[in-house]
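The values are calculated or read from the model by the stated rules, or taken from the named source; none is laboratory data. Given the structure is predicted, the values throughout are model-derived calculations rather than measurements. Here the Cβ is made from the backbone with ideal geometry for all residues, glycine too, and neighbour counts use every protein chain on show.
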Amino acid sequence: MDLNLVRQELQKLLKEKLVPIALECDEKGEFPIEVYNAVADAGYGSIYLPEEYGGGGSLDGLLVVMEEFSKISPAFALSTMSSFQLFGYNIAHLGTPQQKEKYLKPLIQDRKIGCWALTEPDVGSDAVHVKTTSKRDGDFFIVNGSKTFITNAPIADFFIVIANSGGKGFDSGNAFILEKGMQGLSVSKPFKKHGHRSSPTGQVYLDQVRVPKENLLGTEHKAFYDMKHSLDIERLMVGPMIMGTLKTLIEKSVIYAYSRQQFGQPILTFQLIQEKIARMRMHLEMVTAATEKAVHSLKQGHSIKSLATALKLYAAKVGVEMASEAVQIHGGNGYTHEYGVEMFLRDAKLLEIGGGTSEMMLQILAKDTIKDVGKKFGVI
Ligand SMILES: Cc1cc2nc3c(=O)[nH]c(=O)nc-3n(C[C@H](O)[C@H](O)[C@H](O)COP(=O)(O)OP(=O)(O)OC[C@H]3O[C@@H](n4cnc5c(N)ncnc54)[C@H](O)[C@@H]3O)c2cc1C
């Protein structure tokens, strides 16, 4: 795959279709469905899904796509990733041939929208203790409960829902594929949110949903193990999302600071402004290097759990800090919607919460590190 060509062609499409409406969609809280359809038709959404089902099979391609979306609208990147990665990748990775035929093909070829539902009103970080139940009834599972904060839920055709399987600890998860229109399945309207406003987030209600046993995804009781790999990919994706965000903020900041005059000179000449730009560049280089390292490790077949965790933690933190600095460089104008800078600050904040909070990332890193050292020295 020629990545330069992918980038050029995608930039052309986004310039025509997403750039003119991105800020308006954010303001109105509207998902740009026509852009989603165009991106799906052109194969950008499914760029990392298997070629035999019509995908592009390219992890490098996915990074390019996520970065380009995030330069304009991190919310669009989030919704597209939730559909094609959180839903699609899990089907590609764990699904039976029949499940792939039934759900992956329409996702890739027929503009279907997917979502992935783990979080519940009473269960967030402590995800293993989901309260949604799944009970076997002949050839069906009866699923009861509710999910919240689910990206794309209000507009989804397909859902992956994680429920308690009746097992213990980590062996207590069942993943199911559900479809819009199944009796007992309903969704809320999109939530009104601080950021990622054009990515529809909502609740999923599950009232005695009869799910055929063929729709169990992966191994019974093992959903929390099965999903680990896709969580690593989700965390890795924070890298290109923040790379896109930082690239836009750097360009906007330099151009603005060059044209804005105070004390008889462009504010770009002030060292305090230059320092902010230098820090943005430094963090962009660091996030890029960590992302490239994680991709390389993944291609070599190594575990990227700790690396993807560290990357998410770091990228999300500097994303928020640097977006705040970009607003600062723009002064009062940066605080307005019109300049398109403060949206990136609101959007970056989500990355410290969704996909595992920064506190959870720290906890995972501490545990992994203590375990590694303990193993090396035969202690702890
Ligand atoms: C816009 C948006 C989109 C989302 N999309 C999805 C989606 O598509 N699918 C999905 O399943 N979920 C989704 N989520 C949910 C997201 O993953 C959760 O919000 C996140 O995991 C945190 O859970 P919580 O909100 O219940 O917070 P809690 O778990 O209640 O945490 C609240 C605070 O307590 C801290 N905390 C909790 N436990 C500990 C601890 N042991 N030690 C220290 N601090 C702790 C947390 O770090 C946090 O600061 C989305 C959320 C948002 C806002």
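Summary of computed values
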{"quantity": "Complete set of residues in the range 338-362 that are more than 12 Å from the ligand (Cβ to nearest atom) and out of contact with any helix residue (DSSP H, G or I) (no Cβ under 6 Å at 6 or more places or on another chain)", "calculated": "E338"}
{"quantity": "Exclusive hit being within 12 Å of the ligand (Cβ to nearest atom) and over 30 Å from T245 (Cα atoms), set D126, D122", "calculated": "D122"}
{"quantity": "Candidates E352, E321, filtered to the one that is of a type outside the set (K, R), within 30 Å of Q274 (Cβ to Cβ), buried (at least 18 other Cβ atoms within 10 Å of the Cβ) and outside the structural domain of T119 (by TED's automatic domain parsing)", "calculated": "E352"}
{"quantity": "Test for G95: is it within 13 Å of the ligand (Cβ to nearest atom) and either closer than 23 Å to H221 by Cβ or modelled with pLDDT of 95 or more (or both)", "calculated": "no"}
{"quantity": "Residues (buried (at least 21 other Cβ atoms within 10 Å of the Cβ) and over 19 Å from A92 (Cα atoms)) located in the range 204-225", "calculated": "V204, L206, V209, V211"}
{"quantity": "Complete set of residues in the range 266-285 that are surrounded by fewer than 16 Cβ atoms within 10 Å (Cβ to Cβ) and aliphatic (A, V, I, L, M)", "calculated": "L272, A278, M282"}
{"quantity": "Residue match in the range 199-216 (condition: away from the ligand (no atom under 12 Å from the Cβ), under 27 Å from L313 (Cα atoms), β-branched (V, I, T) and in contact (Cβ under 8 Å) with a residue 12 or more places away in the chain)", "calculated": "no"}
{"quantity": "In the range 59-98, the residues that are among the hydroxyl-bearing types (S, T, Y) and under 17 Å from the mean Cα position of the chain (by Cα)", "calculated": "S70, S73, S79, T80, S82, S83, Y89"}
{"quantity": "Scope the range 308-344; condition over 24 Å from P266 (Cα atoms), without any contact (Cβ under 8 Å) to a residue 60 or more places away in the chain and not β-branched (V, I, T); matching residues", "calculated": "A310, L313, Y314, K317"}
{"quantity": "Close pairs (8 angstrom Cβ cut-off, 6 or more residues apart or separate chains): touching a residue at least 60 places away in the same chain (Cβ under 8 Å) and assigned to a loop (DSSP other than H, G, I, E, B) in the range 91-118, more than 16 Å from the ligand (Cβ to nearest atom) and not hydrophobic (A, V, I, L, M, F, W, C) anywhere", "calculated": "G95/Y103; T96/E214; R111/N37; R111/D41"}
{"quantity": "Helices (runs of 4 or more DSSP H) within the range 278-380 that include 3 or more residues closer than 24 Å to A77 by Cα and within 18 Å of the chain's Cα centre (by Cα)", "calculated": "305-329, 342-350, 358-377"}
{"quantity": "Neighbours by Cβ (under 6 Å, 6+ apart or cross-chain): first from the range 353-380, in contact (Cβ under 8 Å) with a residue 24 or more places away in the chain; second among the hydrophobic types (A, V, I, L, M, F, W, C) and within 16 Å of the ligand (Cβ to nearest atom)", "calculated": "S358/L313; M361/L313"}
{"quantity": "Number of positions in the range 167-184 that are modelled with pLDDT of 95 or more and over 24 Å from the mean Cα position of the chain (by Cα)", "calculated": "6"}
{"quantity": "Residue list for the range 249-265, filter: surrounded by fewer than 18 Cβ atoms within 10 Å (Cβ to Cβ) and of a type in the set (K, R)", "calculated": "R260"}
{"quantity": "The range 159-196, residues that are within 13 Å of the ligand (Cβ to nearest atom), buried (at least 23 other Cβ atoms within 10 Å of the Cβ) and not small (G, A, S)", "calculated": "F159, I160, V161, I162, H196"}
{"quantity": "Set D26, D41, D60: member being of a type in the set (D, E), buried (at least 18 other Cβ atoms within 10 Å of the Cβ) and at pLDDT 95 or above", "calculated": "D26"}
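One line per residue, one yes/no per condition, for (1) on the phi < 0 side of the Ramachandran plot; (2) touching a strand residue (DSSP E or B) at 6+ places or on another chain (Cβ under 8 Å); (3) among the polar types (S, T, N, Q); (4) touching a residue at least 60 places away in the same chain (Cβ under 8 Å):
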position	(1), (2), (3), (4)
K15	yes, no, no, no
C25	yes, no, no, yes
D41	yes, no, no, yes
Y44	yes, no, no, no
P50	yes, no, no, no
G54	no, no, no, no
E67	yes, no, no, yes
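Yes/no per residue for (1) of a type in the set (G, A, S); (2) out of contact with any helix residue (DSSP H, G or I) (no Cβ under 7 Å at 6 or more places or on another chain); (3) over 30 Å from P74 (Cβ atoms); (4) free of Cβ contacts under 8 Å to residues at least 60 places away in the same chain:
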position: D122; (1), (2), (3), (4): no, yes, no, yes
position: S125; (1), (2), (3), (4): yes, no, no, no
position: V128; (1), (2), (3), (4): no, no, no, no
position: D137; (1), (2), (3), (4): no, yes, yes, no
position: S146; (1), (2), (3), (4): yes, yes, no, no
position: I150; (1), (2), (3), (4): no, yes, no, yes
position: V161; (1), (2), (3), (4): no, yes, no, yes
position: K193; (1), (2), (3), (4): no, yes, no, no
